[in-house]
Amino acid sequence: MDKTTKSIEFRDVLSTFLTVVIAVVVVFGVQLLLQVQENVKDLKADVLSVQSHLVSQRKAEPFRILNENCTQCHSERRFTKAHADSELIDIIDRMDDLPDFQISAKDKDVIHGALETLKCVRCHEDAALKQVITMDSERQREIVERMRRQPGSEITRESASDILRTMQQIQGY
């Protein structure tokens, strides 16, 4: 065998060896990628499970704060009267100025949220509101958006944002 033939054989063997090494590395990489995908899938399922558990632990009492702070002096019918958002804020501020009625800023937000939620009582039962309020914010957004698109719905994009903000206020976030 001359040098040229040996050189060609060496290149062929080296080429075959490198092809096998590359194939092994690719197979190993694919297996690793599949395992990572499976781990991510399991992690997502775990996160959803934890979120569901946390949501199920929430207590939804959207009108508790009104019952505790307002119903001694005001009837429920008084609350269901339609008010613009700015009017509600003014009403709450006026109530807070009364000498025997002081509320924290957080409670003001929750009261405002509860009063805003009363708009929903026109069409929905308390139980339905409580159920939606305990959901995570993404699910709430989906539901409000679906209601906004219903024929005859009076929910505007702005009021949809108000509703979502209200749900967060009631939850105390």
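Each reported figure results from applying straightforward, stated rules to the coordinates on display, with no laboratory input. Everything numeric in this text was worked out from a predicted model, so none of it was measured. Using ideal geometry, Cβ is built from the backbone for each residue, glycine included, and neighbour counts are taken over all protein chains shown.
Can you sort 10, 101, 63 by how many other beta carbons sit within 10 Å, fewest first? Show your work: numbers first, answer last.
Numbers: 10 10, 101 13, 63 20.
Ordered from fewest to most neighbouring Cβ atoms within 10 Å, 10, 101, 63 come out as 10, 101, 63.
Could you calculate the contour length gain from residue 136 to residue 149, that is, 0.36 nm times the residue separation minus the distance between their Cα atoms, to one decimal place in nm?
2.6 nm
Per Stokes-Einstein, at 37 °C and 0.692 mPa s, what whole-number D in µm² s⁻¹ belongs to the chain, with the Kirkwood radius over Cα pairs as the hydrodynamic radius?
Using the Kirkwood radius from Cα pairs, D works out to 157 µm²/s.
Which value, in Å³ per residue, describes the convex hull spanned by the Cα atoms of segment 1-57?
It comes to 33 Å³ per residue, whole-number rounded.
Which helices of the chain meet both criteria: a Cα extent of 15 Å or more along the helical axis and a mean Kyte-Doolittle score no lower than 0.0, with helices taken as whole DSSP H segments?
3-57
List the pair-distance distribution P(r) of segment 87-166, using every Cα-Cα distance, as the percent of pairs falling in each 10 Å bin from 0 up to the bin containing the longest distance, rounded to whole percents.
Spelled out per bin, shortest first, that is 16, 46, 26, 11, 1.
So if R0 is 22 Å, what FRET efficiency would residue 72 and residue 128 give, r being the distance between their Cβ atoms, rounded to the nearest 0.05?
Between residue 72 and residue 128 the formula returns 0.20.
Suppose every Lys and Arg Cβ carries +1 and every Asp and Glu Cβ carries -1, with no other charges. What dipole size does segment 1-57 come out with about its Cα centre, to the nearest 20 debye?
140 debye
Can you tell me the relative contact order of the chain? Whole percent, Cα pairs under 8 Å, sequence separation 6 or more.
Relative contact order comes out at 26 percent.
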